[in-house]
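Worksheet for the structure shown next.
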C-alpha cells in the first residue's frame, strides 16, 4: 500500500497494452444496455464514452453542443400550499399586496412580489443525440462495429 494517500507505490506498473477498441466496444455495449433500463445511468455511460474519443474528436463534439442539447425557456407555475399557482405571466399570483391582511410595508420595500409563475431557463443534454454524434465521430476515425443480420 502507498504510504501517502493519492500517490501510488513505485512498484505498481501496467503490463500489456490497453486495447482502446475493446474498451470503446465495451462502453458502447454498456450504453446500449442502459438505454432501456436506466435513463440516468445511460446519460452517464454516454458521457463516459465521450471521454474515450481521441482528444481532437472530444473537442469537436463539445464545439458542436447545439446538435445534442435542448434549450428550454418557459414560465412555470409554483406549488403553493399543495396547489399549482398561476402559469400565466399576465395574471400572476402576487404577495404583499397593499390593502390585504398580510401586507407588510417592510417586506420587499412595500412592493408586491410575484410568486407564480417563475421564469425558467434550462439547457439539457439529450443523451441519445450525443450518443449518435459520438458514434459518427468514432466512425469518422475508423472505429466500426459489426451488426448481425436479422434473419426473418
#### Entry: Residues located in segment 110-147, provided they are outside any helix (DSSP H, G or I), over 30 Å from residue 89 (Cβ atoms) and without any contact (Cβ under 8 Å) to a residue 24 or more places away in the chain
142, 144, 146, 147
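Residue by residue through segment 78-98, note down the ones that are part of a loop (DSSP other than H, G, I, E, B) and surrounded by 10 or more Cβ atoms within 10 Å (Cβ to Cβ). Show your work before the answer.
First, the residues of segment 78-98 that are part of a loop (DSSP other than H, G, I, E, B): 78, 81-82, 85-92, 96-98.
Result: 78, 85, 86, 87, 88, 89, 92, 96, 97.
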### Query
When you go through (1) in a helix (DSSP H, G or I); (2) at pLDDT 95 or above; (3) over 13 Å from the mean Cα position of the chain (by Cα); (4) surrounded by 13 or more Cβ atoms within 10 Å (Cβ to Cβ) one by one for residue 75, which number turns out not to apply?
(1)
### Summary
Checking 18, 101 in turn, the sole residue that is within 20 Å of residue 143 (Cβ to Cβ), modelled with pLDDT under 95 and not in a helix (DSSP H, G or I) turns out to be 18
### Task
Could you tell me whether residue 149 is at pLDDT 90 or above and on the phi < 0 side of the Ramachandran plot?
no
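The values are calculated or read from the model by the stated rules, or taken from the named source; none is laboratory data. Note that this is a predicted model, so its numbers are computed, not measured. When we count neighbours, we look across all protein chains shown, and the Cβ atoms used for this are built from the backbone with ideal geometry, even at glycine.
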